[in-house]
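As structure tokens, the structure follows; a few thoughts come after it.
The values are calculated or read from the model by the stated rules, or taken from the named source; none is laboratory data. This is a predicted model, so every value here is computed, not measured. So basically every Cβ, Gly included, is an ideal-geometry build from the backbone, and we count neighbours across all protein chains shown. Areas reflect the complete protein model, heavy atoms only, side chains present, ligands, DNA and RNA absent. Shrake-Rupley method; radii C 1.70, N 1.55, O 1.52, S 1.80 Å.
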Amino acid sequence: MLKTFFYAAILLAMAVSAQSQEIVKHAPPGFDSLRTDILHGVIDTVSYNSTTVGTQRRALIYTPPGYSKKKMYPVLYLLHGIGGDEKEWLQGHPQVILDNLYAEGKIEPMIVVLPNGRAMKDDRAIGNIFDSVKVQAFANFEKDLLNDLIPFVQKNYPVYTDKKHRAIAGLSMGGGQSLNFGLANLDKFAWIGAFSAAPNTKMPEELVPDSAKARNELKLLWISCGASDRLITVSKRTHDYLVKMNVPHIYYIEPGAHEFSVWKNDLYMFSKLIFKPVDRSGSEN
Ligand code: FER
């Protein structure tokens, strides 16, 4: 049987397009402007019992325009950076970006969960945010996510529970978490996005110990970074290894530094790809 896979390396907003996917370039002007002529999703704050941390923990949950308990939704877990918490992504107005995309029929209706990825009792971004205990808490979040938050979401929202309907993405520390947790749990996440992944990202050999498995299990592996971000070495080393091991992925380097303009664009691009059929005919093997 012909084994096909999809690989695209995209540099500085230039595009490589697979047949049925739109050309990836950059979000158009106005993609993040509030429109009053369309329906809007809703962001709620929820609190879940974390057996991992031993506290009630907070998360924000975006439900899309037209949300109904009678429908079923896929879920994107969208993670923040080292200086943030569950509210950090609000700086990038993700609900505006998603509402606009939804109004244009460019994304699948999805629930987006914005957790606090610092899994410790005092999970606020205070004091020395680079403290090793706090950095370790970003790693501990894997257990909280898998054992506490995902079950909470699945109990309280009408969501699909298979991996094809579950995505994980994040900015910086959250990008590292997305790669670390997503690639270590290929039975739970089929769509993984790392925006400007931080040095918490595992080394490539540890991230992808079994390239055949990654190749077979993933729907999308997205790695992006601003061209002038000093953390780009993390994305580059991961991309280089994936190329070497023939693991299909999108590598998208865009103008910008370690900043929200980049992450907003990434959310726009990534959310358009997930929970849709993937065209793997970009290249053949
Ligand atoms: C580091 C530099 C940056 C690091 C983490 C970051 C854990 C995270 C940045 C961010 O989340 O924005 O050395 O080490």
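Things worth noting here:
- Residue pairs whose Cβ atoms lie under 6 Å apart, sitting 6 or more positions apart in sequence or on different chains, and linking a residue in the stretch 108-137 that is assigned to a strand (DSSP E or B) to a partner that is within 15 Å of the ligand (Cβ to nearest atom), are Val112/Leu78; Leu114/Leu78; Leu114/Glu86; Leu114/Trp89; Pro115/Glu86.
- Tally of residues being away from the ligand (no atom under 16 Å from the Cβ), free of Cβ contacts under 8 Å to residues at least 60 places away in the same chain and surrounded by fewer than 24 Cβ atoms within 10 Å (Cβ to Cβ) across the stretch 165-188: 5
- Residue check, Thr233 open to solvent by less than 10 Å² (accessible area, probe 1.4 Å), on the phi < 0 side of the Ramachandran plot and part of a helix (DSSP H, G or I): no
So that you can scan it fast, the table gives a plain yes or no per residue for (1) under 17 Å from the mean Cα position of the chain (by Cα); (2) within 27 Å of Lys143 (Cα to Cα); (3) open to solvent by less than 40 Å² (accessible area, probe 1.4 Å):
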position: Asp32; (1), (2), (3): no, no, no
position: Gly41; (1), (2), (3): no, no, yes
position: His80; (1), (2), (3): yes, yes, yes
position: Pro94; (1), (2), (3): yes, yes, yes
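- Flag for Leu90 being under 18 Å from Leu171 (Cα atoms), of a type outside the set (D, E, K, R) and open to solvent by less than 10 Å² (accessible area, probe 1.4 Å): no
- Unique match (being modelled with pLDDT under 95 and either touching a helix residue (DSSP H, G or I) at 6+ places or on another chain (Cβ under 7 Å) or not basic (Lys, Arg) (or both)) among Ser211, Ser283, Ser235: Ser283
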